[in-house]
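The next block holds one structure in the form of structure tokens; read it before the comments.
The values are calculated or read from the model by the stated rules, or taken from the named source; none is laboratory data. These figures come from a predicted structure and were not determined experimentally. Cβ placement follows ideal geometry from the backbone for every residue including glycine, while neighbour counts extend to all protein chains displayed.
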Amino acid sequence: MTEASAAEEIIPLIKQAIARFGLEPEDLFDGDNTETTTALYRDANGNTWGGRGRRPTWLSEALALGKTLEDFQVGAALGKTSK
């Protein structure tokens, strides 16, 4: 099992635990990290990506279906069709 596939399996479990226990970011991380990431890409379902790190599955799947990164840029019209 690769790290990427392991991450894809564990992330939904983590999200479930966060929702179940009503956890907030400050519950999980210490306050020493002052770096914040601004969402550069967003889909119509509210999924976001800051453009750093591994490309999220929702975005990879949309790109494989013919969408472009520009279709998801924050500030671009959601639901716009690719040319």
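Quick notes
- Within segment 9-29, the residues that satisfy the criterion of being part of a helix (DSSP H, G or I), modelled with pLDDT under 90 and more than 18 Å from residue 47 (Cβ to Cβ) are 21, 26, 27, 28.
Okay, residues lined up against (1) among the aromatic types (Phe, Trp, Tyr); (2) in contact with a Pro (Cβ under 8 Å, 6 or more places away or on another chain); (3) modelled with pLDDT of 80 or more:
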{"site": "35", "(1), (2), (3)": "no, no, no"}
{"site": "45", "(1), (2), (3)": "no, no, yes"}
{"site": "67", "(1), (2), (3)": "no, no, yes"}
{"site": "72", "(1), (2), (3)": "yes, no, yes"}
{"site": "82", "(1), (2), (3)": "no, no, no"}
